[in-house]
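To start, the structure itself, in structure tokens.
The values are calculated or read from the model by the stated rules, or taken from the named source; none is laboratory data. What you see is a predicted model; the values in this text were computed from it and never measured. Neighbour counts are summed over all protein chains in view; Cβ atoms, including those assigned to glycine, are modelled from backbone coordinates with ideal geometry.
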Amino acid sequence: MSDTGEHLPASPAGDVPGAEVPERVLADLPEFGPASYAPAPEGTDLVHIAEDYGLFIGGEMVPARSDRAAPTVNPATGETLATFAVGGAEDVDRAVLAAREAYESHWRDTPGSVRARYLYRVARLLQERSREFAVLETLDGGKPIKESRDVDLPLAAAHFFHHAGWADKLDYAFAGAEAHPVGVVGQVIPWNFPLLMAAWKLAPALAAGNTVVLKPAETTPLTALLLTEVLRDADLPPGVVNIVTGDGTTGAATVAHPGVDKVAFTGSTTVGKEIQRTLAGTGRRLTLELGGKAANIIFEDAALDQVTEGIVGGIYFNQGQVCCAGSRLLVQESVADAVISKLRRRMDTLLVGDPLDKNTDIGAINSAVQLRKITELVESGVRQGAELYQPSCALPERGWFFPPTLFCDVSPSHRIAREEIFGPVLSVLTFRTADEAVEKANNTPYGLSAGIWTEKGSRILWMAERMQAGVVWANTFNRFDPASPFGGYRESGFGREGGRQGLLPYLHLQGAQL
Amino acid sequence: MTAKPAGRRRGPVSTVGIGTAGSRVWHVNTVAMRAASVEVSGRAGEHGALPEALVGLPITPTDAVGLTERAAALAKRSIKTTAKGAALTLAVRCMDLTTLEGVDTPGKVLSLCAKALRPEPTDPAVPPVAAVCVYPELVGVAAGALAGTPVRVASVAGSFPAGLGPIGVRLAEIADATSAGADEIDIVLNRSAFLAGRYRQAFDEVAASKEAAGHAHLKVILETGELGSYDAVRKASMLAMAAGADFIKTSTGKIGTSATLPVALCMAEAIRDFADADGRAVGLKVAGGIRTAKQSWQYLVVMAETLGPQWLHPDLFRIGASSLLNDVLLQLDRLGTGRYPRPDKTVV
């Protein structure tokens, strides 16, 4: 972060070459501290947003035949950014046909080394345009720019790089088996990591030789639409990736389309169950990555100051709108007071506000609907007798914001301890022994992720064996890597994304001795 | 700028310095006697055991990955315009302008004192620095030049930088620097004792140094670059604070690895735990390798977001540096005029 490119307003005399430099005005400076960090907004000049968008089908932007459109809104201001097409059944049909045509005419026979080249190009183009993508992601979704800049974009590029590496090695990835693509894949992604989820879905599908119909989330279509420019600049053949924006009906049409050989869905458990019912008995493949209610488990011997950071990163990252968020804090009773006191103090330093400001820690809630849901669940927590703590931070007057929230004295039967809130709300429960921690951690219908904090290595392994969760983090939380498979158990879904395991749903293995 | 507390103010120049032989001899004798008992208790064992003063103090482990991640996140805070002005002014106020070279002369120290008092001759709005830090030999010179000003005199002492001279000599050096007019004494922790597990000895030596320093503030240098782990940094921080240190300090500046942001964060977390448990606010001094204005505000961000506004004050935060001041002045100048001045604008 060099400061040399920045232009501060020059004083009048400073504009005249050779003029006497006036005395600096050092009076009236604020006391230094987080409360007085001057605004540091990321510039938006790089980003061009069109007034309205069509659908990306067969390599071109085309108007929707449905004649339906919807606005996408900046959740930090409530202002409409653009209007996008809401694809109907006929549009989905067109997209599936384009994908089928591309698959059968050339893509399935394109050598892996050539597919890799396209993926490498996409990865590099994403890196080159990462600032533009990051700003757009923040504008459309409300997440802090430091997260879209430092997490979403680098990870999205990393997923394309990683899978580009697999594309020509599939026959070696699964010993004794010949790897073949599945066909046309329908992918429906959520609004919490719009571009990153697109990357998670597209990269393995394309590396494996499939073609795709991707349906972005209703509230965050813009980065997927910008991605179409990258796909075209990478010379990806028409029809290999088709992007059909829209709402729930568009997603339903995509997953139900008989021309789709495999469905991948990331989103709510309710919708996931509907999709599973739709596909039951059709023989079409399905992977689901659904909700969670992760336990973040703190043992008394853990590094408590780093634990505090891990808790904050676990639940307030992306305003808690993360399926694997560490929303249930399980802390050993002997250190509960120390941990909660450290946590409260840390919460007081969180900067809530303009997502475009480079210093903002907590940005806007994605939509009014989501804000209502969070508010309703927090009210239920208070009603059911849990003790609420929120730092006294001023929230912006416009837009949808919710302060970081902590609930103590939570009982496992409270709604806030059972239901996925998908917001910056943490419930604290205590435990006495490791057995009790296991019992409480697994006491949920979900099974996506868990965190274990202890300085004792053997306890990490003992706990990890017993966690009914697809991802277990030790002494860290919310850490993602394209090489590491991600996915859940039970009501958190099935199937993995990332790594070698993440390729399996997109491949037919012939002659496999698995 | 805050005035020094009345009790710590130096007397007139004529009564301090090397001339008062009688009081010196008395000092050396008493500290030498105490030194003997320190050595005995060090040999007496309790190998590996922590002194009772540390029992009950939280010495929580430190996870290096999490610590460095947090430090990196704090380093990314974007400090602009008014916040930058406030940070840079505060950095000047918290600076220990330092010269610790074998070739230091009275002339060099006098010019450093002049700069400390008026860092930017063309702009009286730039405040004086906190202190001038010199070797004991030159304390009298600095004390003479800075008498009656808000700038304090700091002296390294106690066989700086290794700290492995005989304990009696170390304590005598501390007492000597104090009676020569030092307001602040920077000593090094006995890493030999600490790393060998003779915590009791390391603790007792700090406690004896505190006593030898008398009215002067005691800063204990942990030389974190030699401690090998953040766990050790945290333990050494607690030990020094429990033994009576007024400040804990990262480095001597005499070895390859000096202050880093994660080390400062680790020590700030220890200071926070100590203040919670003991009620006493101990200061943090970062030193060695801090050369740019940007580095200085990164340390201020760590202090602000870890310890809070109380610590953003020269009484509880110092930056020890020799070349940092000029870069801070350049940045301050640019902040006011919108352009960089010539590097040779600042006085040497």
note = The helices (runs of 4 or more DSSP H) lying wholly within region B:54-123 that contain at least 3 residues that are in contact (Cβ under 8 Å) with a residue 24 or more places away in the chain and either among the β-branched types (V, I, T) or over 20 Å from B:R234 (Cα atoms) (or both) are B:81-93, B:106-117
request  = Report yes if some residue within region B:83-98 is more than 19 Å from B:A143 (Cβ to Cβ) and away from chain A (no Cβ under 12 Å); otherwise report no.
outcome  = no
request  = Output yes when any residue across region A:445-456 is in a loop (DSSP other than H, G, I, E, B) and out of contact with any Asp or Glu (no Cβ under 9 Å at 6 or more places or on another chain), and no when none is.
outcome  = no
request  = Give the number of residues within region A:24-76 that are under 26 Å from A:A99 (Cα atoms), hydroxyl-bearing (S, T, Y) and more than 26 Å from the chain's Cα centre (by Cα).
outcome  = 1
remark   = Restricting region A:372-397 to residues that are within 21 Å of the chain's Cα centre (by Cα) and in contact (Cβ under 8 Å) with a residue 40 or more places away in the chain, the one surrounded by the fewest Cβ atoms within 10 Å (Cβ to Cβ) turns out to be A:K373
key: region A:92-105 - residue that is of a type outside the set (K, R) and within 13 Å of A:N210 (Cβ to Cβ) and, of those, surrounded by the most Cβ atoms within 10 Å (Cβ to Cβ)   = A:A99
ask   = In region A:152-168, what residues are out of contact with any Leu (no Cβ under 8 Å at 6 or more places or on another chain) and within 15 Å of A:A199 (Cβ to Cβ)?
value = A:P154, A:A158, A:H162, A:G165
ask   = Only one of A:G267, A:G251, A:G272 is in the same structural domain as A:F193 (by TED's automatic domain parsing) and more than 18 Å from A:G488 (Cβ to Cβ); which?
value = A:G251
inquiry  = Here's a check for you: in region A:471-494, which residue that is assigned to a loop (DSSP other than H, G, I, E, B) and more than 17 Å from the chain's Cα centre (by Cα) is farthest from the other protein chains (Cβ to nearest Cβ)?
reply    = A:Y489
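Against the condition more than 21 Å from A:L343 (Cα to Cα), surrounded by fewer than 24 Cβ atoms within 10 Å (Cβ to Cβ) and at pLDDT 95 or above, how does A:F486 come out, does it pass? Write out each step before concluding.
Values: more than 21 Å from A:L343 (Cα to Cα): yes; surrounded by fewer than 24 Cβ atoms within 10 Å (Cβ to Cβ): yes; at pLDDT 95 or above: yes.
Yes; evaluated as a whole, the condition is true for this residue.
For B:L325, indicate whether it is surrounded by 19 or more Cβ atoms within 10 Å (Cβ to Cβ), hydrophobic (A, V, I, L, M, F, W, C) and modelled with pLDDT under 95.
Taking the combined requirement at face value, the residue does not satisfy it.
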message = Just the residues that are within 21 Å of B:F160 (Cβ to Cβ) and at the interface with chain A (Cβ under 10 Å from one of its Cβ atoms), please, taken from region B:253-296.
response = none
query = Within the bounds of region A:172-184, is there any residue that is part of a helix (DSSP H, G or I) and either among the small types (G, A, S) or touching a helix residue (DSSP H, G or I) at 6+ places or on another chain (Cβ under 7 Å) (or both)?
reply = yes
task = Go through A:A175, A:A217, A:A234 for me and flag whichever is crowded, with 24+ Cβ neighbours inside 10 Å and out of contact with any Gly (no Cβ under 6 Å at 6 or more places or on another chain).
result = A:A217
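Can you pull out every residue in region B:159-172 that is part of a loop (DSSP other than H, G, I, E, B) and under 14 Å from B:V220 (Cβ atoms)?
Passing the criteria: B:S159, B:F160, B:P161, B:G163.
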request  = Working carefully through the options A:L286, A:L290, A:L304, A:L279, find the one that is surrounded by fewer than 20 Cβ atoms within 10 Å (Cβ to Cβ) and either in contact with a helix residue (DSSP H, G or I) (Cβ under 8 Å, 6 or more places away or on another chain) or outside the structural domain of A:N192 (by TED's automatic domain parsing) (or both).
outcome  = A:L279
request  = Give the residues of region A:359-371 that are surrounded by 22 or more Cβ atoms within 10 Å (Cβ to Cβ) and not in a loop (DSSP other than H, G, I, E, B), sorted by residue number.
outcome  = A:I362, A:Q370
query = Looking at region B:173-193, which of its residues are assigned to a helix (DSSP H, G or I) and buried (at least 23 other Cβ atoms within 10 Å of the Cβ)?
reply = B:E173, B:I174, B:A175, B:A177, B:T178
task = Pull up region B:297-310, narrow it to residues that are part of a helix (DSSP H, G or I) and facing another protein chain (nearest Cβ under 10 Å), then point me to the one that is farthest from B:T82 (Cα to Cα).
result = B:T306
query = Is it fair to say B:D315 is under 21 Å from B:A116 (Cα atoms), under 14 Å from the mean Cα position of the chain (by Cα), surrounded by fewer than 20 Cβ atoms within 10 Å (Cβ to Cβ) and more than 11 Å from chain A (Cβ to nearest Cβ)?
reply = yes
